[in-house]
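Asker: Could you have a look at this structure, given as structure tokens, before my questions?
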Amino acid sequence: MDQAKQDVVKQESVEEQKASGPAWIYRALSIETGGIERITDDDRQHNTTRFWNATTFWFSANMAVATLNIGALGGSYGLGFWESFIVILLVNLIGDILPAWTATFGLSGLRMTTFSRYSFGYWGNLIVVIFSMISTTGWNAINAISGASVLSALSNGKFPTWAGVIVICTVVYLICVLGIHWIHRLDTFLWIPFLMVWCVAAGTGASHFTAAVPTGNEHTRSSDKAASILTYMATIFSFSISWINCAADYNVRMPAGTPRWKIFSATYVGIFVPTVLVQTLGAALYTGTLTSAAWKAAYEDTSIGGLLGMALSPAGGFGKFLMALAGLSAIPNNIPNNYSFALHAQNLTPRAARVPRIIWITFGFVVSLVIGCCAAVYFKDVLQTFLSVIGYWTIIHVTVVLEEHVIFRRGWKGYNLDEWNDPTRLPFGWAAIGAFAGGLVGAVLGMKVAWYVGPVAALIGKSGANIGQAMTLGMSGVVFSCFRGVERRYGGR
């Protein structure tokens with residue numbers, strides 16, 4: 001389909017969506033219309049996004065209680081504060097490069113799930129779509145539960161976790177309905193009050209922090225210590241790369257001439273800085289369970305919300321206000337998930353692309369609501385298992401896209417962006433399907449979750465170590481590089 005036809009189709013799609021409601025409402029509220037169609041250079045002359053929005057957007061998304069929760073998991077694995085901090089710092093230094101790199105793909109005018117067609121193929125890309133929908137829905141639920149646990153702790157259990165999930169998911173839904181213009185406007189400032197919460201909590205809770213190793217782990221075997229560190233590294237890495245499937249979606253309206261290094265740098269800073277700061281605070285908060293029986297009881301009762309409540313208790317009424325803000329930090333944390341869910345879903349089929357964005361957002365909201373209310377009962381096991389499984393999938397995704405871009409396309413000149421919706425010009429996706437299968441084998445061999453330990457993972461330490469990500473990377477990378485060459489040679493695409 002040539003550019004002129006694409007523009008006509010896109011204009012008809014926009015007009016159809018506007019016709020479904022009063023057009024003046026869309027204009028007055030700057031509600032986003034359209035769907036996954038490519039944003040052209042002409043489109044970007046209106047409602048332009050500035051490159052620094054890539055920083056403030058991710059500042060708001062990661063300055064959240066879910067990030068705090070991830071940091072606290074190091075202590076539950078038996079690691080001391082400094083061990084946890086070194087893992088947090090080193091893994092984020094490397095891991096945050098990947099979502100920052102994929103964020104630059106937004107300058108193509110295509111969302112990440114759509115752009116993946118060039119590497120996964122038109123039909124193989126259904127794997128990307130399905131798993132992206134699952135991951136965004138799961139993150140919606142997990143992030144909402146993290147925020148809701150804080151609100152529950154604030155009310156001493158009178159405001160149940162499921163009620164907090166409903167409040168958080170509903171506010172996120174309303175913002176996502178408005179669209180990307182409002183998202184960037186709000187996220188320019190939303191991170192500021194949350195930063196204040198974490199700074200105050202660090203100050204008021206510092207007297208209970210310790211560098212001591214959790215009891216029973218002072219003289220643990222080196223193999224067991226290594227297993228704990230590897231598993232925690234996998235958890236931190238999974239969190240870092242979780243944004244890969246949607247990082248490009250928020251840059252499609254950047255001016256076409258924006259240097260990619262600016263988008264990369266702005267995104268990297270926006271993810272790295274708040275993630276390291278808040279995860280480090282989470283690791284410090286957990287150490288309070290080693291110095292105070294009250295802190296330990298609070299953590300066992302309401303998880304991270306209990307620890308945050310103990311840290312802020314010296315601040316009195318102001319501390320309770322900050323607790324409420326901390327719970328609401330799950331809102332900007334969840335915006336990327338609910339918003340991008342609709343874009344993922346529109347890639348399912350040509351018919352799905354014609355379903356208005358608001359309907360898909362509503363569907364994602366309802367599913368996340370149900371899952372979040374149910375998963376709150378088994379939150380810790382759900383969190384660790386979900387992070388691991390989604391981490392495996394995301395590694396396959398970025399490995400395939402990276403090899404296609406570097407080895408087979410040899411950079412941006414190898415793409416014809418007008419072919420994004422033409423099955424006859426895109427690969428079928430056999431190589432990517434093979435890479436997915438190979439990566440799945442690697443994950444099964446090396447994974448460690450609450451209900452399963454792979455045979456290779458079990459060789460490290462007494463209870464095993466999560467090395468599934470490394471094995472997934474290696475096996476999917478080898479399979480794709482071999483199969484893609486064959487697919488290009490005999491398929492011609």
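The values are calculated or read from the model by the stated rules, or taken from the named source; none is laboratory data. Quantities reported herein were computed from a predicted structural model and do not represent experimental measurements. Because the Cβ atoms are built from the backbone with ideal geometry, glycine has one as well, and the counts that use them run over all protein chains shown. Accessible surface is based on the protein model in full, side chains and every heavy atom, while ligands, DNA and RNA are left aside. Shrake-Rupley method; radii C 1.70, N 1.55, O 1.52, S 1.80 Å.
Asker: Hey, what number do you get for the chain at 222 nm if only DSSP H runs of n ≥ 4 count, each worth -39500 (n - 2.57), divided across all residues, to the nearest 500?
Answerer: Rounded to the nearest 500, the figure is -23000 deg cm²/dmol.
Asker: When the expected Rg is taken as 2.2 N^0.38 Å, what fraction or multiple of it is the alpha-carbon Rg of the range 156-312?
Answerer: Compared with the compact-globule rule of thumb, the range 156-312 sits at 1.29.
Asker: Could you please put Cys482, Cys373 in sequence from largest to smallest accessible area, using a 1.4 Å probe? Walk me through the intermediate numbers first.
Answerer: Working: Cys482 75, Cys373 40 Å².
The residues order as Cys482, Cys373, largest area first.
Asker: Same structure, new question: Can you compute 3J(HN,Hα) from phi for each residue in the range 66-72, using the Karplus curve 6.51 cos²θ - 1.76 cosθ + 1.60 with θ = phi - 60°, rounded to whole Hz and x for Gly and Pro?
Answerer: Residue by residue, the range 66-72 yields 5, 4, 4, 5, 4, x, 6 Hz.
Asker: Here is a further query. Taking the Cα centre of the chain as the origin and placing charges on Cβ (Lys, Arg +1; Asp, Glu -1), which of Ser329, Val172, Gly106 is farthest toward the positive end of the dipole?
Answerer: The one lying farthest along the dipole's positive direction is Gly106.
Asker: Can you quote the Å³ per residue value for the convex hull of the Cα atoms in the chain, rounded to an integer?
Answerer: 132 Å³
Asker: Taking the Cα centre of the range 38-378 as origin, sum charge times position over the Cβ atoms of Lys and Arg (+1) and Asp and Glu (-1), and report the length of that vector in debye to the nearest 20.
Answerer: Using only the charged Cβ atoms, the result is roughly 720 debye.
Asker: Got the relative contact order for the range 256-349 handy, in percent, Cα pairs under 8 Å and 6 or more residues apart? Present the calculation step by step, with values, prior to reporting the outcome.
Answerer: On the way: 32 pairs, mean separation 11.1, N = 94.
Here the relative contact order equals 12 percent.
Asker: Now a separate question. Under 8 Å for C-alpha pairs, at least 6 residues apart: give me the relative contact order for the range 38-378, rounded to a whole percent.
Answerer: 41 percent
Asker: Express the relative contact order of the range 395-471 as a whole percentage, based on alpha carbon pairs under 8 Å and six or more residues apart in sequence. Please list the in-between numbers first.
Answerer: Values: 64 pairs, mean separation 17.5, N = 77.
Relative contact order comes out at 23 percent.
Asker: Lys pairs in the chain, Cα-Cα under 22 Å, at least 8 apart or on separate chains: how many?
Answerer: Number of lysine pairs found: 14.
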